Each structure stands twice: as structure tokens, then as C-alpha cells.
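As C-alpha cells, the structure follows; a few thoughts come after it.
The values are calculated or read from the model by the stated rules, or taken from the named source; none is laboratory data. A quick note: this is a predicted structure, and the numbers were derived from the prediction, not measured. Quick reminder, even Gly has a Cβ in these numbers, built from the backbone with ideal geometry, and neighbours come from all protein chains shown.
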Amino acid sequence: MTEIRRGTLHTETFYERVGGEPTFRKLVKRFYQGVADDPLLRPMYPEEDLGPAEERFTLFLMQYWGGPRTYSDNRGHPRLRMRHAPFTVDRAAHDAWLRHMRDAIDTLGLAQEDEAELWRYMQYAAGSMINTPG
Ligand code: HEM
């Protein structure tokens, strides 16, 4: 019997493997629930309604992990460090941000390797967003 092995015709992306759009929607929704109640982070978000920020972050992550490129269609090149320049991202903001992210990742029930990969990325990305000492 001729078997078509996984990877021969199509390499599954991380985006697909973890469940696609619903997984990223769930992750970011939960993350922003944490932000909404956070006394340090909430005042940093310029808009009263966190919905549009939630949508931007969701679309960014979907694109980053191999899903549709809607983020860049709408927003152009991510240039995340530049986009965070108006905000004071110091160690305390970094720690609070990652705490909510960890909490949100924990609700997804991902396979251990996928969870570890996502968490490593978030830690690295959050570290690279720090723009203020202290
Ligand atoms: C380290 C702590 C961080 C803080 C305090 C922070 C804070 C913020 C704030 C206040 C905004 C503006 C909200 C909006 O209007 O969209 C924003 C936007 C955004 N953040 Fe962060 N952020 C952090 C880390 C990260 C990381 C690690 C990522 C990526 C993995 C990220 C991805 C984004 C994206 C995609 C946007 C929207 C950019 C756009 O305008 O298109 N942020 N962030």
C-alpha cells in the first residue's frame, strides 16, 4: 500500500496543530480579561473599549503562527517594538503581561510541546518589548 506520509505534501503549521482561529481567539480573550482587571496594565491601553486591541493581537498571533495574513492586510508590517514605543514597558509591565499570558495559555489544554513552544515565544517576545529600565 502506498502511504502518503505526513509532511510529504503538506506541512502542518503550529496554527493548524493547536486548533486554528478558535484557539487564538480563546487565548487572547482570556488574556484581555486579565488585562481589564489589572491596575498597572489597564490604564496603558488608549481605548476605552479593549475589543479592537483584542482583535489586533488575535490577528497578529494567528499570522505569526502560520494562519491567515489578515493582520498585515489591515495593519501592515507588525514593527512591534516601534508600536510599543508610546507605552512604558518596564519590568513590572512585562511581568504583569506575562502573568496574564501564562494564565491564558493554561486554559487552552495544549499538548505539552506546543504549550512549551508558545510560552517560550511569549517570554522572548515580552522581553524584547521592554523599552524602559527599572
Ligand atoms: C511586555 C509587555 C507588553 C505590554 C505592556 C504591551 C502593551 C500594549 C499596548 C498598551 C498596546 C496598545 C493597544 C492597542 O491599541 O492595540 C499594545 C498593542 C499590541 N501589542 Fe503589546 N504589550 C506587551 C507585549 C507584547 C508582546 C510580547 C506582543 C507579541 C507577542 C504584543 C503584541 C501587540 C500587538 C500585535 C499590538 C497591536 C499592534 C497594532 O497596533 O497593530 N505585545 N501592546
For a quick check of your reading of the model, give me the residue pairs whose first member lies in the stretch 62-89 and is in contact (Cβ under 8 Å) with a residue 60 or more places away in the chain, whose second is more than 8 Å from the ligand (Cβ to nearest atom), with beta-carbon atoms closer than 8 Å and at least 6 apart or on different chains. none
Taking residue 134 as meeting all but one of (1) more than 11 Å from the ligand (Cβ to nearest atom); (2) modelled with pLDDT of 95 or more, write down the number of the exception. (2)
The stretch 18-43, subset more than 16 Å from residue 126 (Cα to Cα) and touching a Gly at 6+ places or on another chain (Cβ under 9 Å), residue surrounded by the most Cβ atoms within 10 Å (Cβ to Cβ): 24
Quick one: which of 99, 120, 75, 81 is exposed (fewer than 14 other Cβ atoms within 10 Å of the Cβ) and under 16 Å from residue 56 (Cα atoms)? 81
Suppose we filter 8, 2, 13 for residues that are out of contact with any helix residue (DSSP H, G or I) (no Cβ under 8 Å at 6 or more places or on another chain) and modelled with pLDDT of 95 or more; which single one remains? 13
Among (1) closer than 22 Å to residue 88 by Cβ; (2) within 12 Å of the ligand (Cβ to nearest atom); (3) of a type in the set (Asp, Glu), where does residue 37 come up short? (2)
Which condition number in (1) more than 21 Å from residue 81 (Cβ to Cβ); (2) without any contact (Cβ under 8 Å) to a residue 40 or more places away in the chain is the one that residue 95 fails? (1)
The stretch 44-119: helices (runs of 4 or more DSSP H) wholly inside it with 3 or more residues that are closer than 26 Å to residue 11 by Cα are 51-64, 70-75
Where residue 46 falls short, out of the listed (1) more than 9 Å from the ligand (Cβ to nearest atom); (2) surrounded by fewer than 16 Cβ atoms within 10 Å (Cβ to Cβ): (1)
Which residue pairs have Cβ atoms under 8 Å apart, sit 6 or more places apart or on different chains, and have a first residue in the stretch 34-49 that is closer than 17 Å to residue 98 by Cα and a second that is among the small types (Gly, Ala, Ser) and more than 10 Å from the ligand (Cβ to nearest atom)? 34/104; 42/36
